[in-house]
Amino acid sequence: MEENNLQCSSVVDGNFEEVPRETVIQFKPPLYRQRYQFVKNLVEQHEPKKVADLGCGDTSLLRLLKVNPCIELLVGVDINEDKLRWRGDTLAPFLGDFLKPRDLNLTITLYHGSVVERDSRLLGFDLITCIELIEHLDSGDLARFPEVVFGYLSPSMIVISTPNSEFNPLFPSVTFRDSDHKFEWTRMEFQTWALYVANRYDYSVEFTGVGEPPAGAENVGYCTQIGIFRKNGGKAMESCVSEQYDQHVYKATMGQAILLPNPPKMLRLQVFTTSYPSLQQERFFKLVLVNEVSQQVESLRVSHLPRQKKQDGEWGDKPKDSKAPCPCFGPVFTEVEKAKIENSPKPFCVGDKFFVPLQRLLAYPKLNRLCANEEMMRSVIADSIPLSSDGSAVVSDLRDYFDEQF
């Protein structure tokens, strides 16, 4: 973080119009990125499976978190439906996600609705984030917020960030950092509120922040203050909710809301959902396994061919210093992995056919991670890759067209 002759974003995040050109604080990385990175680091540390971001806005945090392999359900909630619809497609899987599927399933869903309305679809989460959210709530909603998020949803962990008003005098001409803010708290005000809420709903809380103050102003604390709330006992409440909360007023079909007959109180409208390909899905698992087996068999065949040609006397007239071609690239194995491969059944030839035992294939780390045993591998690849009569080995032609050209 440094001081520069730059304008301060609205006042710290992105809207430069209203602030005069004066010497102001510039954060590197930008403050919003520091907040998102803080959450990302927390996710990597605690590995939650179900994460919800309340007040998700343009879904930037969701896009950062979706690459984390531990997350299986990612939910965003915001009151601005147009923003959710506009940004939803950026959360959909790309071509690369199909070429290299995740290990675990991932579903991403966006809901349009208020963060102070109860909805059973957000029960049982490991982590709920509220990044720069509470300062946008009016007094009525702020009073309901703890009851809904801490009392009803009761996740294992909650992260709340909010501006630290003690930092504001370091910005030029700043009262509130955003025109929509209903309040901005000092550290004491935020901590008093947070400790009261934590005590009432059986949470512990620790305080930190992002956005270091400049030298000489350390007494003001972080620009953004953060509370990390952990449920005492560690696990999210497995609520037995009443039947009315198991119903959803609106069901979204291609973005259209369908009103159910005799609905309970309005909850949230689902405006976007997508699922990512993963190795837990049979068709993608098979695609990846068949591809990996085929690549490994081809690599072994190419490595074996020069030895076979020498054995058959095909290189008898070549100069003595002529060297057989060898693969230039390949995986790097540890000594333990090398030993496991060397101790496995070796590939062999019968006539013009090349055989690779399934046990040999399972000795390679990548395939061993995909398949637990020989029977599993055989059952998945049997209708896609030729196998020996007893099913114990993959069979391929020893030579192909390209071998004969060189």
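The values are calculated or read from the model by the stated rules, or taken from the named source; none is laboratory data. Owing to the predicted nature of the structure, the values given are computational and were not obtained by experimental measurement. Here the Cβ is made from the backbone with ideal geometry for all residues, glycine too, and neighbour counts use every protein chain on show. Just so you know, the surface numbers come from the protein's heavy atoms only, side chains and all, with ligands and any DNA or RNA stripped out. Shrake-Rupley method; radii C 1.70, N 1.55, O 1.52, S 1.80 Å.
Of note:
- Filtered by the rule that a residue be open to solvent by 30 Å² or more (accessible area, probe 1.4 Å) and of a type in the set (Val, Ile, Thr), the stretch 69-93 gives 79, 90.
- Whenever a residue of the stretch 196-217 is among the aromatic types (Phe, Trp, Tyr), its partners that are in a loop (DSSP other than H, G, I, E, B) and open to solvent by 40 Å² or more (accessible area, probe 1.4 Å), lying with C-beta atoms within less than 7 angstrom and at least six residues away or across chains, give the pairs 203/232.
- Some residue of the stretch 43-63 being open to solvent by less than 50 Å² (accessible area, probe 1.4 Å), without any contact (Cβ under 8 Å) to a residue 40 or more places away in the chain and within 10 Å of the chain's Cα centre (by Cα): no
Rundown of residues vs (1) over 24 Å from residue 225 (Cα atoms); (2) at pLDDT 95 or above, yes/no style:
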site	(1), (2)
35	no, yes
49	yes, yes
71	yes, yes
81	yes, no
86	yes, no
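- Taking residues in the stretch 273-299 that are over 19 Å from residue 94 (Cβ atoms) and free of Cβ contacts under 8 Å to residues at least 60 places away in the same chain, and partners anywhere that are open to solvent by 30 Å² or more (accessible area, probe 1.4 Å) and in a loop (DSSP other than H, G, I, E, B), the pairs with Cβ atoms closer than 7 Å and at least 6 places apart or on different chains are 299/327; 299/330.
- Failed item in (1) modelled with pLDDT under 90; (2) surrounded by fewer than 18 Cβ atoms within 10 Å (Cβ to Cβ); (3) within 29 Å of residue 147 (Cβ to Cβ), with residue 40 passing the rest: (1)
- When each of 66, 100 is tested for being within 30 Å of residue 164 (Cβ to Cβ), among the basic types (Lys, Arg) and open to solvent by 20 Å² or more (accessible area, probe 1.4 Å), the lone residue that passes is 66.
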